[in-house]
Amino acid sequence: MVEKINQLRKAKNAVILAHFYQRPEVQEIADFVGDSLQLSEQAAATGADIIVFAGVHFMAETAKILSPQKKVLLPDLNAGCSLAESCRPDDFKKFIEEHPEHTVISYVNTSADIKALTDICCTSSNALKIVNSLPKNEKIIFAPDRNLGNYIKSITGRADMLVWNGACHVHEAFSAEKLAALKKQHPGAKTLAHPECKRPVLLLADFIGSTAALLNFTRKDEAQEYIVVTEPGVIFQMQKESPQKTFLPLPGIAAPASALADDCGACNDCQFMKLTTVEKIYWALENEQPEVFVAETVRKKAEKSILRMLELSK
């Protein structure tokens, strides 16, 4: 199957982009693996004719927004995002209208329609930088992740920052109680957390950052054991780059008390990210389907918010 994929991507001048949360075997065949910001940059820069996005729907949409002339394929159209779904365009448009004269910053984990209503997109990698790029007295709407928004608000101390009440099902399922119990079992382990986690979890973390930042931290840090509080797919790359170190995924709230920390089946896998398989990537390349489209009127508006993000991220 992998050999066939390699033949097809060469013949069709295709590139496979994969998020860190994908299955290990999917990450292994990708031309590039990264977090949301890195994937956005790659989608904008690639010279390929076809982009196969091993990720979720909003990521494929982002690629199409940035590269409208390219064919963008999403191996499984059911690969959505609970966070993106928590911010509906009609509701968000009404919210913006109720709060005029606010600059709208939206996490990249949103639909093209939300991006079209947004002034500047952001990711967990650059959210702080983007918020700080605005004047201190600027009124801001931050959407859709309440945990990331409130984390940034607490750091910047911005009083005029309204945070949309959305959340990611993966990060919502992490509890401070389970983290404290795991830290007690592994007193020498450092805790790494994504800023999409709830505040009580973040208070127990030794390092908070984007997926790429967490990976970079484990690469350079001298500790030998880590508790990883985000989607466990990133552990594959952590282990690959630091094979001598130990990485422990945190079980979610629904996991049984007896669940082992190294049993990813008990952890918070993103059900949408894991829909993509090597076989589905093959069929997507073979048939050049399913293809993702974005209406041109929406695309032009959404593109401005993404390009503004990429400009501010330099």
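Data overview
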quantity: Subset of segment 33-69 (residues that are outside any helix (DSSP H, G or I), in contact with a strand residue (DSSP E or B) (Cβ under 6 Å, 6 or more places away or on another chain) and not hydroxyl-bearing (Ser, Thr, Tyr)); calculated: Val33, Ala48, Ile50, Ile51, Val52, Phe53, Ala54, Gly55
quantity: Filter result (outside any loop (DSSP other than H, G, I, E, B), under 28 Å from Arg23 (Cα atoms) and under 19 Å from the mean Cα position of the chain (by Cα)) within segment 278-308; calculated: Ile306
quantity: Test for Leu77: is it closer than 20 Å to Lys274 by Cα and part of a loop (DSSP other than H, G, I, E, B); calculated: yes
quantity: Subset of segment 87-125 [at pLDDT 95 or above, within 27 Å of Lys64 (Cβ to Cβ) and part of a loop (DSSP other than H, G, I, E, B)]; calculated: Cys87, Arg88, Thr110, Ser111, Leu117, Thr118, Asp119
quantity: Residue match in segment 149-161 (condition: surrounded by 20 or more Cβ atoms within 10 Å (Cβ to Cβ) and part of a loop (DSSP other than H, G, I, E, B)); calculated: no
quantity: Output for segment 196-230, where each listed residue is among the polar types (S, T, N, Q) and surrounded by fewer than 22 Cβ atoms within 10 Å (Cβ to Cβ); calculated: Asn216, Gln224
quantity: Selection count, segment 281-292, where residues are touching a helix residue (DSSP H, G or I) at 6+ places or on another chain (Cβ under 7 Å) and exposed (fewer than 15 other Cβ atoms within 10 Å of the Cβ); calculated: 1
quantity: Those residues of segment 208-225 which are part of a strand (DSSP E or B) and under 17 Å from His171 (Cβ atoms), in sequence order; calculated: Ile208
quantity: Any hit, segment 187-207, residues being part of a loop (DSSP other than H, G, I, E, B), modelled with pLDDT under 95, more than 27 Å from Asn78 (Cβ to Cβ) and not aromatic (Phe, Trp, Tyr); calculated: no
quantity: Segment 77-106: number of residues that are buried (at least 18 other Cβ atoms within 10 Å of the Cβ), closer than 10 Å to Val56 by Cβ and not small (Gly, Ala, Ser); calculated: 2
quantity: Only one of Ser124, Ser111, Ser154 that is closer than 26 Å to His194 by Cα, touching a residue at least 60 places away in the same chain (Cβ under 8 Å) and of a type in the set (Ser, Thr, Tyr); calculated: Ser124
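Results for (1) of a type in the set (Asp, Glu); (2) in contact (Cβ under 8 Å) with a residue 40 or more places away in the chain, shown as yes or no for each residue.
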position	(1), (2)
Met273	no, yes
Val278	no, yes
Leu285	no, yes
Pro290	no, yes
Phe293	no, yes
Glu296	yes, yes
Arg308	no, yes
Glu311	yes, no
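Residue-by-condition table, conditions (1) of a type in the set (D, E, K, R); (2) under 18 Å from Asn147 (Cα atoms):
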site: Leu162; (1), (2): no, yes
site: Asn165; (1), (2): no, yes
site: Arg199; (1), (2): yes, yes
site: Leu202; (1), (2): no, yes
site: Asn216; (1), (2): no, no
site: Ile235; (1), (2): no, no
site: Ser242; (1), (2): no, no
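To keep it simple, each residue is scored yes or no on (1) acidic (Asp, Glu); (2) touching a residue at least 24 places away in the same chain (Cβ under 8 Å); (3) out of contact with any Gly (no Cβ under 7 Å at 6 or more places or on another chain).
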| site | (1), (2), (3) |
| --- | --- |
| Ile208 | no, yes, yes |
| Ala213 | no, yes, yes |
| Asn216 | no, no, yes |
| Glu222 | yes, no, yes |
| Glu241 | yes, yes, yes |
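The values are calculated or read from the model by the stated rules, or taken from the named source; none is laboratory data. For clarity, every value in this text was computed on a predicted model and none was experimentally measured. Ideal geometry is used to build each Cβ from the backbone, glycine not excepted, and the neighbour counts take in all protein chains shown.
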